[in-house]
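J.: Here it is, the structure in full.
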Amino acid sequence: MQWFRLNQISNIMKNAFKFPQLYFRLALGAGFLIPVADRLGWLGPAGQHGVSWGSWDNFVIYTNMLLPFIDKAWANIMGLLATVAEIGIGVLFLVGYKVRWAAIAGCLLTLTFALCMAFSLGFKAPFSFSVFADSAGCLLLSTVPVYYWGLDNYLKKN
């Protein structure tokens, strides 16, 4: 009888995390891709409501502000590397493929970004934009045992 109850609790716990981990994964995926759309100018020009950069040049200026010890050419390269990483991580989260590795990469990328923000703009800045929370969220997502409703789970079954 005791075993039966433990088995029921185990099944409830497994099923209870299906929707939250999907919601979390999709929210983080969008959180990586929307800033990329902003820096590419796809959300509108700088100064428009909800637009931070509005162009690649504005994003490079911001990158250089976060990394003041490098010149503009290197800021452009660092911005490009971060953008490529964000696109990859965001897409992997949305389709649910290699989620654990994407989550670890996302954690490291956002942690690096948060630390650069803290040193360049002050300790409050990364908290105002929830960058530490994103980093911690990615780390938490990397510990989920099964990623339901994604390519990882689909390929595992087949």
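J.: Ignoring ligands, DNA and RNA, what accessible area per residue does the chain give at 1.4 Å, in Å²?
T.: Values: 9960 Å² over 158 residues.
Accessible surface, normalised per residue, equals 63 Å².
J.: Determine the relative contact order of the chain: mean sequence separation of Cα pairs under 8 Å and six or more apart, normalised by residue count, in whole percent.
T.: Details: 174 pairs, mean separation 36.3, N = 158.
23 percent.
J.: Using alpha carbons only, how many angstrom separate the centre of the stretch 54-78 from the centre of the stretch 80-148?
T.: Here the two parts' Cα centres lie 19 Å apart.
J.: At a Cα cut-off below 26 Å, give the lysines reachable from residue 72, other chains included and same-chain residues fewer than 8 away excluded.
T.: Correct list for residue 72: 124.
J.: Order these peptides, 26-33, 120-127, by their mean beta-carbon neighbour count within 10 angstrom, highest first. Numbers along the way, then the final one.
T.: Values: 26-33: 18.4, 120-127: 14.2.
My ranking of the peptides, most packed first, is 26-33, 120-127.
J.: Expressed as a whole percent, how much of the Cα-Cα distance distribution for the chain exceeds 26 Å?
T.: On the way: 4430 of 12403 pairs.
When all Cα pairs of the chain are counted, 36 percent exceed 26 Å.
J.: Right, next: How much length is gained on full extension from residue 80 to residue 120, taking 0.36 nm per residue of separation minus their Cα-Cα distance?
T.: Working: separation 40, 0.36 × 40 = 14.40 nm, distance 1.96 nm.
Length gained, residue 80 through residue 120: 12.4 nm.
J.: While we're looking at this one, here's another question. Please report the accessible area of residue 72 (heavy atoms, 1.4 Å probe, ligands and nucleic acids excluded) in Å², nearest 10.
T.: 120
J.: Here is a follow-up. Over its Cα atoms, what ratio of radius of gyration to 2.2 N^0.38 Å does the stretch 52-95 give?
T.: Its radius of gyration relative to the 2.2 N^0.38 Å reference: 1.26.
J.: Let me ask something additional. Roll a 1.4 angstrom probe over the protein heavy atoms and tell me the percent of accessible area of the chain that is carbon or sulfur. Walk me through the numbers on the way to the answer.
T.: On the way: 7100 of 9960 Å².
It is 71 percent, rounded to a whole number.
The values are calculated or read from the model by the stated rules, or taken from the named source; none is laboratory data. All figures in this text were calculated on a predicted structure; none of them were measured in a lab. Glycine gets a Cβ as well: all are built from the backbone with ideal geometry, and neighbour counts include every protein chain shown. With ligands, DNA and RNA removed, areas are computed over all heavy atoms of the protein, side chains included. Shrake-Rupley method; radii C 1.70, N 1.55, O 1.52, S 1.80 Å.
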